[in-house]
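For reference, the structure discussed in these notes is given below.
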Amino acid sequence: MKSFRDKRRDNRPTVKSGTGEVRPHETRGRPDARPREPRAAKPDTQSTPNSAPRILARRDGALPAEQLPLILEVAPNADYALLDSGAGQKLEQYGPYRIVRPEGQAIWQKALPAREWERADAIFTGDTDEEGIGRWRFPKMPLGETWPMKHDGIDYLGRFTSFRHVGVFPEQASHWDHMAGLIAAARRPVKVLNLFGYTGLASLVAARAGAEVTHVDASKKAIGWARENQEMAGLGGKPIRWIVDDAVKFAEREERRGSRYDIILFDPPAYGRGPKGEVWQLFEDLPALTDLCRAILTPRPLAVVLTAYSIRASFFAIHALMRDTFAGMGGRVESGELIIREKSAGRALSTSLFSRWVA
């Protein structure tokens, strides 16, 4: 998940760079455009709330230091680029392909001429609702479901899906790079838990850096893709546990078993339904999940990273939640937005809110 620098609180935005991530397709039905209201139910991978509500109380101790706003930026590179955006669309370069998809955040006008957009290899059409099922049109020639991609030397597969995203979420590279730096600097065995793990690029980055990784996703299809990416990356011998399970229920069992982790990544949906009709609401259920993540940290933890994708909210909300949850643990809470820098006119496309506690 980009490297973090130790800084005192500073009101000036901090900008860092990176490249792209893999996620599932209909496994969460998660779009790569924000925002929308209300959020439709996601298939397969949603976490479900606890069967018995977790009892929460405000923790004693000093709040962690804070740094905000922190803006983590992905710049164009050879593997991924946001070429242009505007009029509710975005034009991206994913490896060898140019792709056009809806983008609700792009309320400005396109900077590139129409002929550049017309060179697209794939265009998402049909239902343009954030969670709607649509289809891909291939103007030049039919393309296969997958194609080879690369992040920082790690090979994986991009994938055309019916939920308009392509298994690649470039903004998350900031977190991956930071995590890899923490693992390398620790100079000791590090255990990483990746909840809502999708198709596994964050897990591959952590494993390559030397960590023992537990990757959890409720979708068998997403886990299958993650294993496929592991083999494609040549990391088959790395210690990664691929677990098909509800993220909250798995974390609850880990707490009871006494299993602990040095780094936890979690990126829950805004809204979802579990296989038995359980409802997950981010702002109702996130406090208990965040508290649970603290409970399963080792005595010498390194970081907890929360990302909130495609929601209408301020990062101050999750920033305050993280500071309260990690009261008495020292360290620092850094919060802000993940953005992608456009190649054509240099505009910033915001994709996610985040808040991370760093020891």
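The values are calculated or read from the model by the stated rules, or taken from the named source; none is laboratory data. From a predicted model like this one, the values you see are computed outputs, not experimental measurements. Note: ideal-geometry Cβ built from the backbone for every residue, glycine included; neighbour counts use all protein chains shown.
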Problem set entry | Failed criterion for Lys191 (all others in (1) closer than 24 Å to Arg294 by Cα; (2) touching a helix residue (DSSP H, G or I) at 6+ places or on another chain (Cβ under 6 Å); (3) among the basic types (Lys, Arg) hold) | (2)
Problem set entry | Leading residue by the ranking (modelled with the highest pLDDT) among those in the stretch 125-163 that are of a type in the set (Asp, Glu) and more than 24 Å from Pro269 (Cα to Cα) | Asp155
Exercise. Is one or more of the residues making up the stretch 345-353 closer than 30 Å to Pro113 by Cα, among the charged types (D, E, K, R) and surrounded by fewer than 19 Cβ atoms within 10 Å (Cβ to Cβ)?
Worked result: yes
Seminar exercise, completed: Here the residues within the stretch 308-337 that are under 30 Å from Trp117 (Cβ atoms) and either modelled with pLDDT of 95 or more or surrounded by fewer than 22 Cβ atoms within 10 Å (Cβ to Cβ) (or both) are Ser310, Ile311, Arg312, Glu337
Exercise. Across the stretch 89-124, which residue is modelled with the lowest pLDDT among those that are in a strand (DSSP E or B), more than 15 Å from Glu342 (Cβ to Cβ) and among the hydrophobic types (A, V, I, L, M, F, W, C)?
Worked result: Phe124
Exercise. Only one of Val190, Val166, Val216 is buried (at least 16 other Cβ atoms within 10 Å of the Cβ), at pLDDT below 90 and not aromatic (Phe, Trp, Tyr); which?
Worked result: Val166
For this session: Answer with yes or no whether Leu63 is closer than 30 Å to Phe250 by Cα and either at pLDDT 90 or above or part of a strand (DSSP E or B) (or both).
Result: yes
Problem set entry | Residue pairs meeting the criteria (Cβ under 7 Å; at least 6 apart or on separate chains; first under 12 Å from Lys90 (Cα atoms), in the stretch 116-129; second assigned to a strand (DSSP E or B) and at pLDDT below 85) | Phe124/Gly134
Problem set entry | Which numbered condition Asp155 misses (of (1) assigned to a strand (DSSP E or B); (2) buried (at least 20 other Cβ atoms within 10 Å of the Cβ)) | (2)
Exercise. Hey, Ala327 hits all of (1) of a type outside the set (Val, Ile, Thr); (2) assigned to a loop (DSSP other than H, G, I, E, B); (3) touching a helix residue (DSSP H, G or I) at 6+ places or on another chain (Cβ under 8 Å) but one; which does it fall short on?
Worked result: (3)
Exercise. Mind checking whether some residue in the stretch 36-46 is at pLDDT 95 or above, assigned to a loop (DSSP other than H, G, I, E, B) and either among the hydroxyl-bearing types (Ser, Thr, Tyr) or surrounded by fewer than 18 Cβ atoms within 10 Å (Cβ to Cβ) (or both)?
Worked result: no
Problem set entry | Selected residue [of a type in the set (A, V, I, L, M, F, W, C) and more than 21 Å from Asn194 (Cβ to Cβ)] from Ala320, Ala303, Ala270, Ala308 | Ala320
Seminar exercise, completed: All conditions in (1) surrounded by fewer than 18 Cβ atoms within 10 Å (Cβ to Cβ); (2) at pLDDT 95 or above; (3) not aliphatic (A, V, I, L, M) are true of Ser203 except (1)
For this session: Report whether or not Ser355 is under 29 Å from Pro102 (Cα atoms) and assigned to a strand (DSSP E or B).
Result: yes
Seminar exercise, completed: Taking the stretch 66-88 and keeping residues out of contact with any helix residue (DSSP H, G or I) (no Cβ under 8 Å at 6 or more places or on another chain) and either surrounded by fewer than 20 Cβ atoms within 10 Å (Cβ to Cβ) or not in a strand (DSSP E or B) (or both) leaves Ile71, Ala75, Pro76, Asn77, Ala78, Asp79, Ala87, Gly88
Problem set entry | Pairs where the first residue, in the stretch 53-64, is at positive phi and the second is surrounded by 10 or more Cβ atoms within 10 Å (Cβ to Cβ) and among the hydrophobic types (A, V, I, L, M, F, W, C), C-beta under 8 Å, 6+ apart | Gly61/Ala327; Gly61/Met329
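Yes or no, residue by residue, for (1) crowded, with 19+ Cβ neighbours inside 10 Å; (2) within 24 Å of Leu321 (Cα to Cα); (3) within 18 Å of the chain's Cα centre (by Cα); (4) at pLDDT 95 or above:
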site	(1), (2), (3), (4)
Lys221	no, no, yes, no
Ile240	yes, no, no, yes
Asp246	yes, yes, yes, no
Arg256	no, yes, no, yes
Asp262	yes, yes, no, yes
Pro268	yes, yes, yes, no
Gly274	yes, no, no, no
Gly277	no, no, no, no
